[in-house]
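The values are calculated or read from the model by the stated rules, or taken from the named source; none is laboratory data. The model shown is predicted, which means the values in this text are computed figures rather than measured ones. Cβ atoms come from the backbone with ideal geometry, glycine included; neighbour counts cover every protein chain shown.
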Amino acid sequence: MLALEAQSVIALRLMRIAAGGALARSETSRMVTEKVQALGEAQTVAAVGSVTGRNRRHIAKKIAGVYRKRVRGNRRRLTR
C-alpha cells in the first residue's frame, strides 16, 4: 500500500512542479529537505533497533513507518 501511495504523491508533486512558479520552487525545496530528514530518521531507527537487539523484521517495519508517515502527510497536503 505504501508503494501505491508514494506513486500518487510523486504524480501530485510532478503536477505541482510542472505548473511552475513559487509553488513549484517551494515544492522542490521541500522535497529535497524531507528526503534528507526522512533518511536521517530512518537511519536513527535502524541504529536504535540494532543496538537494542531488535530483529530485522521489527526494524524494517519501523523504518517503513517513518516513510509511511511522511507519504501520508504529503498526500494530505497536496490534495487540499
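Hey, could you check region 29-39 for residues that are without any contact (Cβ under 8 Å) to a residue 40 or more places away in the chain and surrounded by 11 or more Cβ atoms within 10 Å (Cβ to Cβ) and say which is farthest from the chain's Cα centre (by Cα)? So that I can check it myself, show each step before the final result.
Filtering region 29-39 down to residues without any contact (Cβ under 8 Å) to a residue 40 or more places away in the chain leaves 29-33, 35-39.
From what's left, surrounded by 11 or more Cβ atoms within 10 Å (Cβ to Cβ): 30-31, 35, 37-39.
On the way: Arg30: 11, Met31: 9, Lys35: 6, Gln37: 9, Ala38: 6, Leu39: 9 Å.
Among residues in region 29-39 that are without any contact (Cβ under 8 Å) to a residue 40 or more places away in the chain and surrounded by 11 or more Cβ atoms within 10 Å (Cβ to Cβ), the one farthest from the chain's Cα centre (by Cα) is Arg30.
Taking the criterion of being touching a Lys or Arg at 6+ places or on another chain (Cβ under 8 Å) and either within 13 Å of Ala6 (Cα to Cα) or in contact (Cβ under 8 Å) with a residue 24 or more places away in the chain (or both), would at least one residue in region 54-77 satisfy it?
Checked against the condition, which is being touching a Lys or Arg at 6+ places or on another chain (Cβ under 8 Å) and either within 13 Å of Ala6 (Cα to Cα) or in contact (Cβ under 8 Å) with a residue 24 or more places away in the chain (or both), region 54-77 yields at least one hit.
Only residues that are over 14 Å from the mean Cα position of the chain (by Cα) and among the polar types (S, T, N, Q): list them for region 1-28, please.
Ser26, the sole residue that qualifies.
Between a first residue in region 1-25 that is within 19 Å of Tyr67 (Cα to Cα) and surrounded by 10 or more Cβ atoms within 10 Å (Cβ to Cβ) and a second residue that is basic (Lys, Arg) and modelled with pLDDT of 95 or more, which pairs have beta carbons less than 8 Å apart while being 6 or more apart in sequence or on different chains?
Leu2/Arg68; Glu5/Arg68; Glu5/Arg72; Glu5/Arg75; Ser8/Arg75; Val9/Arg75; Leu12/Arg75
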